[in-house]
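Where a number appears in this text, it was derived from the coordinates with a stated rule and is not lab data. Just so it is clear, the structure is predicted and the values come from calculations on it, not from any experiment. Reconstructed Cβ throughout: ideal geometry from the backbone, glycine too, with neighbour counts over all protein chains shown.
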Protein chains: 2
Amino acid sequence: MTTAHQHAVEGEIQRLLSLGATRPGALPLPDHHDLWDAFSRASDGGKRFRPSLLLSAHQALGGTREPAAVQVAAALELLHTALVVQDDVIDGDQVRRGVPSLPGGIAADARRRGAGPAEARRLGEAAGILAGDLGLIAAMRAIARCEAPAPVIERLLDLFESTLHATAAGELADVRLQLGPAHGSVVLREALAVAELKTALYSFQLPLRAGALLADASPEVLAALDEIGSLLGIGFQLFDDLLGVFGDERRTGKSALGDLREGKRTALIAHASTTDSWDALQPLLGREDLDEAGARRARDLLTSGGSRAWVEDLARWHVTSAAEAAERHELPPGLAVALDLATAEILRAADLTLPTTVPADAAPVRRRAEEGLPA
Amino acid sequence: MTTAHQHAVEGEIQRLLSLGATRPGALPLPDHHDLWDAFSRASDGGKRFRPSLLLSAHQALGGTREPAAVQVAAALELLHTALVVQDDVIDGDQVRRGVPSLPGGIAADARRRGAGPAEARRLGEAAGILAGDLGLIAAMRAIARCEAPAPVIERLLDLFESTLHATAAGELADVRLQLGPAHGSVVLREALAVAELKTALYSFQLPLRAGALLADASPEVLAALDEIGSLLGIGFQLFDDLLGVFGDERRTGKSALGDLREGKRTALIAHASTTDSWDALQPLLGREDLDEAGARRARDLLTSGGSRAWVEDLARWHVTSAAEAAERHELPPGLAVALDLATAEILRAADLTLPTTVPADAAPVRRRAEEGLPA
């Protein structure tokens, strides 16, 4: 994303947030202000990964609908924030990337005003659900109003709606998987499906396809981008699963105990359930009181049993397959750079080294990648 | 609502639900099917009160955009379902009108498959949040696609979005009020504001105004309908508060203990906090273990302290003021009938008798009112 694009997207996000602030007119209660203010703060400071992907795709494919691309890019960021705050409700996460999540922040405020812990938590969860609703609607509305021809808007809205349906299914499956038996190849297959539906679709396929639709790309290009988006997105999610257990807390901003304490059925855990380490590992998972020593033991078992290496390999396979697909489909060079950039960000996020395919002449773009990982 | 309208609205609701079922295409997980199926069932069997209000307003104001009116009416029903299922998550309600709520039904299914109570509940809540998201988006999309001219659609979408912002504020305030001190005139004022924002706006003002916008009504008519919708909606909510404590469980389908056990800060309770009954009443409220004897004692205190009569009077004042406003603004006779019908339904819902203002020649319409209350 160029600096000009970056500024344009930030400006558009701020415009949409300001619009939301005055949306209901004067109200006799302070709650709308508090709610939208919290949502606006939750939208702050992201890496704008999805807008960047959209704008890169649009530009690389020769798109000329710059204003619309910026508007839709901003909408995707609101969508992302909306999904994040509701995900924090669903997962009961009071903290996100080292700072209070929206539900956590509202709950903490209520605690300071004297509410009991359960009541405060309930208020935070209500706020997360409702702020998410408003964010989703604002995102959809922004797309409906973007400066593109009506048929393009119609396709963008179809894409938005279909993506949201699949993402919701992935999110629900993610919770459901925690309830079932934690072992076997079915779980592993389902964990990969969750990675695709919950993450790859809205974070990778959606921005790529939206940028391509705005650039009037051919059906072949759209199909190629779907394939690549899916591969990259699953790869990203697999690395994220690894980070959730092996990550450096100071860098990821989230506890490396959380996933283990929650007993999250990631692909990592699903794989472990097929190994000899399982009998020793299983009793450590899903324990609220898991301490650092127990977590270390779990990590050792995941490593010695080969699950860590297996997931790393699978993640790498996905991102390198994405790069190969980009080459095979003969995508425009600019788009290949953008995709390599996304790949580099994913790998950097994973804090793992792998020779990236970013060409030498993409150095300036690559520097930008150093600034951060998808957030 | 005429029988033809009723069929048209049902058909359109079913069409939108079918559309949603295939929205994400083939997915590798069963969760989308389960989620949308649950949402579809939650949409079943409502009294279609909001569609009826919209179609009546549209018709009475001489509107000729029948297909669009039916489409938007169906959208309002999806919106209603979406808000209901998320409200059930926020309030932790496992039962609604005598049957399992969406979160309650999903949780019960999970229990049957062997999940623990907390995990099952979490799955139900996730499903409620996500189904609500999809319903909201489907509703907005249906409006965006309705067969009305673009400027009318734009105004309808503005209305939809503004209403949702205000409703979210009302919903959040409803939860927040439970956390603060339970007494004083501030709480009473806020409880009335919640009744307006959480209920009156989306259930009364929105359908009336949407019908009027589709009929190209004048700004004066729109303003009159806003006033009337607000009065009717607050009146409805006040009667609903009374029902929550004094209602016949077999008729309301919800426990008359729930609001007391939850310690819900309704206008009824807020008023009681300003009376001499408060010292005796307060210890009974918000107790999970409140039994029928305790509830009877609470009801007696609310009655002897004058709070029940006060809220009844206030509710009646709101609905009769709505009727007066309809007369003062010289609304078309058909619209006055529709509003009287809504009033009659509210009063019937409240199971209280009050001479209604439905004119004699509206008898067939009135019979329709016997079929049910806003649901």
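Annotations
- Ascending list, in nanometres, of distances separating the A:GLU147 label from those of the other copies (7 Å, Cα toward Cβ): 3.3
- Rg of the Cα atoms in chain B, relative to 2.2 N^0.38 Å, amounts to 0.99.
- Helices meeting the span-like rule in chain A (full DSSP H runs, Cα extent of at least 20 Å along the helix axis, mean Kyte-Doolittle score of 1.0 or higher): A:219-246, A:333-349.
- Across identical copies of the chain, B:GLY114 has label-point separations of 4.9 nm, listed in ascending order, with the point defined 7 angstrom from Cα along Cα→Cβ.
- Fraction of the pair-distance distribution of the protein assembly as shown above 46 Å, Cα-Cα pairs, percent: 23 percent
- Dipole size of chain B about its Cα centre, with +1 on Lys/Arg Cβ and -1 on Asp/Glu Cβ: approximately 640 debye, rounded to the nearest 20.
- Inter-copy separations for B:GLN14, label at 7 Å along Cα-Cβ, nm, ascending: 5.2
- Overall, the range B:1-104 carries a charge dipole of about 340 debye about its Cα centre when +1 sits on the Cβ of Lys and Arg and -1 on the Cβ of Asp and Glu, all other atoms neutral.
- Amide proton proximity set for A:VAL95, modelled H, under 5 Å, gap of 5+: A:SER101
- When +1 charges are put on Lys and Arg Cβ atoms and -1 charges on Asp and Glu Cβ atoms, the dipole computed for the protein assembly as shown relative to its Cα centre reaches about 400 debye.
- Pairs beyond 23 Å (Cα-Cα), from B:LYS47/B:LYS198; B:LYS47/B:LYS264; A:LYS47/A:LYS198: B:LYS47/B:LYS264
- For the peptide A:119-129, the mean number of other protein chain Cβ atoms found within 10 angstrom of a residue's Cβ is 5.
- Shielding by partners, peptide B:308-320 (average Cβ within 10 angstrom, other chains): 0
- The fewest-to-most ranking of A:HIS7, B:HIS271, B:HIS5 by surrounding Cβ atoms within 10 Å reads A:HIS7, B:HIS5, B:HIS271.
- Average partner coverage of B:130-142, which counts Cβ from other chains inside 10 Å: 6
- Listing B:TRP310, A:TRP36 from fewest to most neighbouring C-beta atoms within 10 Å gives B:TRP310, A:TRP36.
- Sorted ascending by nearby beta carbons within 10 Å, beginning with the fewest, A:VAL152, A:VAL319, A:VAL84 become A:VAL152, A:VAL84, A:VAL319.
- Relative contact order of chain B, taken over Cα pairs closer than 8 Å and 6 or more residues apart, is 18 percent.
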